[in-house]
Amino acid sequence: MSPSEITRLQTYLRKLFGSDRIQVVVPPRKGMSIELTVNDEVVGTVHRDEDEGELSYSLHITVLEEDLPAEKPATAATAGRTAGTSRR
């Protein structure tokens, strides 16, 4: 990706997600993936695709299970219910 493309994509993503903490980072060596970072933490990669004259960019975001908040234990009121069912 050209520096201009990276700047334009970063500007769009910052506006879309409402955060100036998003950065599209050029890899230090050629051939490596372009990274998407938030607060200097790598959250995924950016891929450029050109097909039949149309250009698009794909984001692949990775979330590690260890980064998720701990699961809350089920309460007695919700233990018997399954997703999509409601109490009457």
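Only the coordinates and a few stated rules stand behind these numbers; no lab work does. What you are looking at is a predicted structure, and each value in this text was computed from that prediction instead of being measured. A quick note on method: Cβ atoms are made from the backbone with ideal geometry, for glycine too, and the neighbour counts reach across all protein chains shown.
At Arg21 and Thr62, where each label point lies 7 Å from the Cα along Cα→Cβ, what is the point-to-point distance in nanometres?
Taking the two extended label points, one gets 2.0 nm.
Decide, for the chain, between rounded, prolate and oblate: order the square roots of the alpha carbon gyration tensor eigenvalues as a ≥ b ≥ c, take rounded if a/c falls under 1.5, and otherwise choose prolate if a/b is larger than b/c, else oblate.
Here the chain falls in the prolate category.
I'd like the orientation of helix 3-17 relative to the chain: the angle between its Cα long axis and the longest Cα principal axis, in ° from 0 to 90, rounded to 10.
It works out to around 20 degrees.
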